[in-house]
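The values are calculated or read from the model by the stated rules, or taken from the named source; none is laboratory data. What you are looking at is a predicted structure, and each value in this text was computed from that prediction instead of being measured. Methodologically, a virtual Cβ is constructed for each residue, glycine included, from the backbone with ideal geometry; neighbour enumeration extends over all protein chains shown. Only protein heavy atoms, including side chains, enter the accessible area calculation; ligands, DNA and RNA are left aside. Shrake-Rupley method; radii C 1.70, N 1.55, O 1.52, S 1.80 Å.
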Amino acid sequence: MKRKKLDLKKKDWLLIVIIVCVTGLAFLMHEFIGGKGAGSVTIKVNGKIEGVYPLSEDKEIKINGGTNILVIKNQQADIVEADCPDKLCVNQKPISKNKESLICLPNKVVVEVDSSENSEFDAVTN
């Protein structure tokens, strides 16, 4: 059985090089531009989804008719204002990693991050 020799011409090699370069460039763009910052914030009030917002866009969101105000800035979400008596949700640190959440029990508000970047901790207690 004779094997055929693969006969590639200059145009074939040029096409292969272009495909490899485009693939490499797309991978690098994803890693440096979209990889870490890609994520979204899901807002739930009383167990129902009220909205999903990208972490990449700075925004101020009034939740539950203005009982809570969420600010998305620098790819982090933070509740900056709430009308609940204890204000525990306001005192929590901003969130940006996968499955981190901000919770306001009196107003039944839960804000959770969905991202490819995981938190370095499984749980944090005081």
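Give segment 97-120 a look and list any residue that's open to solvent by 40 Å² or more (accessible area, probe 1.4 Å), part of a strand (DSSP E or B) and either in contact with a helix residue (DSSP H, G or I) (Cβ under 7 Å, 6 or more places away or on another chain) or within 14 Å of V45 (Cβ to Cβ) (or both), or say none.
S101, I103, V110, E112
Would segment 15-36 turn up any residue that is modelled with pLDDT of 90 or more, open to solvent by less than 70 Å² (accessible area, probe 1.4 Å) and assigned to a helix (DSSP H, G or I)?
yes
Give the residue, chosen from L88, L70, L105, that is in contact with a Phe, Trp or Tyr (Cβ under 9 Å, 6 or more places away or on another chain) and not charged (D, E, K, R).
From the options L88, L70, L105, the qualifying one is L70.
Of the residues D58, D86, only one is among the acidic types (D, E), out of contact with any strand residue (DSSP E or B) (no Cβ under 6 Å at 6 or more places or on another chain) and farther than 15 Å from V110 by Cα; which?
None of the other options fit; the residue is D86.
How about segment 53-69: which of its residues are in contact with a Leu (Cβ under 8 Å, 6 or more places away or on another chain) and open to solvent by less than 40 Å² (accessible area, probe 1.4 Å)?
I61, I63
Out of everything in segment 46-66 that is touching a residue at least 40 places away in the same chain (Cβ under 8 Å) and within 17 Å of V80 (Cα to Cα), what residue ends up being nearest to the chain's Cα centre (by Cα)?
L55
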